[in-house]
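Please read the structure below before turning to the comments.
The values are calculated or read from the model by the stated rules, or taken from the named source; none is laboratory data. Bear in mind the structure is a predicted one, so any value in this text is a computation, not a measurement. Reconstructed Cβ throughout: ideal geometry from the backbone, glycine too, with neighbour counts over all protein chains shown. The area values use the complete protein model at the heavy-atom level, side chains included, leaving out ligands, DNA and RNA. Shrake-Rupley method; radii C 1.70, N 1.55, O 1.52, S 1.80 Å.
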Amino acid sequence: MPFSDFHGNADVVRTLREMLAREHFPHAVIISGPQGSGKFTLAQMLAKAMNCLERPVSDGLPDFCGRCANCVRIAEADALEERFAEAVEARENLRDADKRETRILVQTHPDVLIIPPDPPQMLVKVDQVRHVIHEIYYKPAEGRERVYIFSDAEFMKEAANSLLKVLEEPPEFATLFLLTDNPSALLPTIRSRCMILRLAPLPAAEVEQYLARVRPEWKPRERALVARVCGGGLGRARSFDLAAYLAARQDALTLLGPAMGTEDHSALFRVTDTYRSGAEGRTKTEHLIRTLYSLLEDLLFLKSGTPEFVRNHDIQPELTRIAAEADFPWIVSATQRLGEVESGMRRNLLRTLALDSFATSLER
Ligand SMILES: [Zn+2]
């Protein structure tokens, strides 16, 4: 049955289904967990179980059929990234005046609304929450429960305050899910009105076993690398773009070159020159920054004598050489400078120049 397709965190899934069975499901639930741990998959499964027309039972608990009209329509949003990209594109094609007033929402079933963070700031905005407030008090149209999924619950201040009003008096027939990798970033007043459930990352060995089934084309050492880099997030591991990661990592190592005493900077400039403006360059730069963070973190693990935590263990000899050159203050300041590059990207600074100045600032 479909809930059995959810990997890991069996106790959390059971708790949620037991609450469904008792019809005492809380009105607001925070599901926290690292990227790729299945927060959205689980919220979608619950939305289906709440609205399934067949209402099957497995292991004595409510499940969903995956075939009825409600399940099928809710499932159209399972591929959230695609639905999100469509919504963003539709907005791009509007007239300027309409564009400003249109907020990104994903809805494939009249009773289930997904509220993703709104670009470019990638935060939930007050107009999105107002949309929820306008419709949440109407009875469900075709299902039994209205479901609102904040797929990445990071709110602008005004939006968070508006949400509080809904959480104070939610209607009987509505459930809100707030998905986050960092529940402490939510207002304490929001947290106190929600039930908080945590999806733990899966052990690397378990992720590797799973990858052996779904990504048989990867070599065992590649599966081991992906499992570690994804930090136990199954969903992230499954759809991991290994080639892009390895390319970003090669670039990241080149960026660390000047710090390691490489005097010829031409290799560095060749690399940074490929980080251009526009959407494609943005994604590429985000990958690079994330990869740099993970390398710096690995250096910290090596410096603090805990090599077993190193994620990029396939290049451990190279990392060990870098770690021998680096000291703690250097790693800390590199991490801070990387944070500055990251916030500069949000302000649309020139990527190539920002990366050059990051790399040369690491020289000692
Ligand atoms: Zn169904």
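Rounded to two decimals, the Cα-based Rg/Rh of the stretch 277-336, with Kirkwood Rh, is 1.06. Averaging 1/r over every pair of different alpha carbons in the stretch 191-332 and inverting the result gives a Kirkwood radius of 16.8 Å. For the stretch 63-128, the Cβ-based charge dipole about the Cα centre amounts to some 140 debye (Lys, Arg positive; Asp, Glu negative; other atoms uncharged). Rolling a 1.4 Å probe across the protein heavy atoms gives the chain an accessible surface of 50 Å² per residue. Taking each full run of DSSP H in the chain as one helix, which ones are at least 24 Å long along their axis (Cα atoms) and have mean Kyte-Doolittle hydropathy of at least -0.5? Span-like helices, by this rule, are 278-303, 328-346. The packing ranking, built from the mean of other Cβ atoms within 10 Å per residue, places the peptides 149-161, 187-199 in the order 149-161, 187-199, highest first. The gain in end-to-end length when the ASP314 to PHE269 segment is fully stretched comes to 13.6 nm, 0.36 nm per residue minus the alpha carbon separation.
To the nearest µm²/s, what D does Stokes-Einstein give for the stretch 1-109 at 37 °C and 0.692 mPa s, using the Kirkwood radius over alpha carbon pairs as Rh? Here the translational diffusion coefficient equals 211 µm²/s. The calculated FRET efficiency for the pair GLU172 and ALA79, based on their C-beta separation and a Förster distance of 30 Å, comes to about 0.45. Compactness of the stretch 114-273, taken as the C-alpha radius of gyration over 2.2 N^0.38 Å, stands at 1.44. Here the simple spin-label model places points 7 Å from the Cα toward Cβ, and for GLU280 and THR108 these points are separated by 2.8 nm. Quick one: grab the alpha carbon gyration tensor of the stretch 233-305, order the square roots of its eigenvalues as a ≥ b ≥ c, and give me rounded if a/c is under 1.5, else prolate or oblate depending on whether a/b is larger than b/c. Judged from the Cα gyration tensor, the stretch 233-305 comes out oblate (a/c at least 1.5, b/c at or above a/b).
For the stretch 1-33, backbone nitrogen atoms closer than 18 Å to the point 7 Å from ARG67 Cα along Cα-to-C-beta are found at 1-5.
For the stretch 257-263, 3J(HN,Hα) computed residue by residue from phi via the Karplus equation (6.51, -1.76, 1.60; θ = phi - 60°) reads x, x, 5, 8, x, 5, 8 Hz, glycine and proline entered as x. In the chain, the portion of solvent-accessible area held by carbon and sulfur atoms comes to 51 percent [1.4 Å probe, whole percent, DNA, RNA and ligands not counted].
Here, the chain has an Rg and a Dmax of 22.6, 68 Å when only alpha carbons are counted.
What's the center-to-center distance, using Cα atoms, between the stretch 184-204 and the stretch 299-337 in Å? Here the answer is 30 Å between Cα centres. Simple point charges give the picture: +1 on the Cβ of Lys and Arg, -1 on the Cβ of Asp and Glu, and for the stretch 177-253 a dipole about the Cα centre of about 180 debye. Mean sequence separation of contacting Cα pairs (under 8 Å, at least six apart), scaled by the length of the stretch 31-152, corresponds to a relative contact order of 22 percent.
Can you give me the relative contact order of the chain as a percent, contacts being Cα pairs under 8 Å and 6 or more apart?
On the way: 510 pairs, mean separation 60.5, N = 364.
Rounded, it is 17 percent for the chain.
Most tightly packed first, judged by the mean number of other beta-carbon atoms within 10 Å of their residues, the peptides 26-35, 243-252 read 26-35, 243-252.
Take the alpha carbon gyration tensor of the stretch 197-256, find the square roots of its eigenvalues, order them as a ≥ b ≥ c, and report rounded if a/c is under 1.5; if not, report prolate when a/b exceeds b/c, else oblate.
Values: a/c = 2.40, a/b = 1.46, b/c = 1.65.
It comes out oblate by the Cα gyration axes.
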